[in-house]
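Trainee: Dropping a structure here in structure tokens format, bear with me for questions.
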Amino acid sequence: MHSSLVKHGPKKIGEMHWSAVKIILKYLKRTKDIFLIYDGREVILEGYSDASFQSDDDDAMSQSNFVFKLNGGVVALKSSKQATTVDSTTEAEYIAALEAAKEVVWMKNYNQELGVVPSIAEPVVIFCDNNGATAQAKELRSHHSSKYILRRYHLLREMVNRGVVMMH
């Protein structure tokens, strides 16, 4: 009730609104050390990335997709058109995995501020269904098969090497 009063209340802010805000802030302060643990197991974040190769018939662009689950419950998902036309499924999957890895960085930074999921400091596993993209991400240097992947997408390789994410 208090949050809806603050969110949808009249345009004129009055004493009643400030009282509601105070109640909400007191509640947040009281519950800052409380969080949900799913069935008593360690809290584990895992991601899945996928791409639809040249799925747009008009411009031959591919689609990146990812989903992140915290102990089985979806906490983030996204589907977006890739900004670059690619020549292979491996490239499309590699770019999708990078988008997922960027989300991991955001979630890790957000969690660091909140401090609610201690295990997120560990590398987050991203499952990718393309062996070529997974191998590219684990390579320490570029080679013949990756020469057509734009350099900006090799940020994924750096994230794997730094232990931010693990590709499977």
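Taken together, the values in this text are just the output of simple stated rules run on the coordinates, not laboratory data. Remember, predicted model here, so these are calculated numbers, not experimental data. Note that we place each Cβ from the backbone using ideal geometry, even for glycine, and neighbour counts take in every protein chain shown.
Trainee: Taking neighbour counts of Cβ atoms within 10 Å as a proxy for exposure, in what order, fewest first, do Glu46, Glu158, Glu99, Glu93 appear?
Mentor: Working: Glu46 16, Glu158 11, Glu99 19, Glu93 27.
Ascending number of Cβ neighbours within 10 Å: Glu158, Glu46, Glu99, Glu93.
Trainee: Sketch the reach of a paramagnetic label on Glu42 as a point 7 Å from Cα along Cα-to-Cβ, and name the residues of the stretch 87-110 whose backbone nitrogen lies under 13 Å away.
Mentor: Answer for the stretch 87-110: none.
Trainee: In addition: So in the stretch 45-167, what percent of DSSP beta bridges are antiparallel if you round to the nearest 5? Walk me through the intermediate numbers first.
Mentor: Working: 16 of 23 bridges.
Once the DSSP bridges in the stretch 45-167 are tallied, antiparallel ones form about 70 percent.
Trainee: Sticking with this one: Loop-only trypsin sites (Lys or Arg not before Pro) in the stretch 34-125, please: DSSP not H, G, I, E or B, and at most 13 other Cβ atoms within 10 Å. Each step should come with its number before you reach the end.
Mentor: Working: sites: Arg41, Lys69, Lys78, Lys81, Lys102, Lys108; in loops: Arg41.
Answer by residue number: Arg41.
Trainee: Using the Kirkwood formula on the Cα atoms of the stretch 85-137, what hydrodynamic radius do you get, in angstrom to one decimal? Please report the intermediate quantities before stating the final value.
Mentor: Numbers: mean 1/r = 0.0814 Å⁻¹.
For the stretch 85-137, the Kirkwood estimate is 12.3 Å.
Trainee: Okay, next question. Return the FRET efficiency for the residue pair Asn161, Ala83: r is the Cβ-Cβ distance, R0 is 22 Å, and the value is rounded to the nearest 0.05. Can you show the working numbers first?
Mentor: Numbers: r = 24 Å, r/R0 = 1.08.
The pair Asn161/Ala83 has a calculated efficiency of 0.40.
Trainee: Gain in length, His168 to Lys22, computed as 0.36 nm per residue apart minus the alpha-carbon separation, to one decimal in nm? Before the final figure, lay out each step's value.
Mentor: Values: separation 146, 0.36 × 146 = 52.56 nm, distance 4.66 nm.
The span from His168 to Lys22 would gain 47.9 nm if fully extended.
Trainee: What is the calculated FRET efficiency for Asp33 to Val125, with r their C-beta to C-beta distance and R₀ = 30 Å, to the nearest 0.05?
Mentor: Details: r = 28 Å, r/R0 = 0.92.
According to the calculation, E is roughly 0.60.
Trainee: Please state the relative contact order of the stretch 45-167 as a whole percent: Cα pairs under 8 Å, 6+ residues apart?
Mentor: Numbers: 203 pairs, mean separation 32.0, N = 123.
The normalised contact order for the stretch 45-167 reaches 26 percent.
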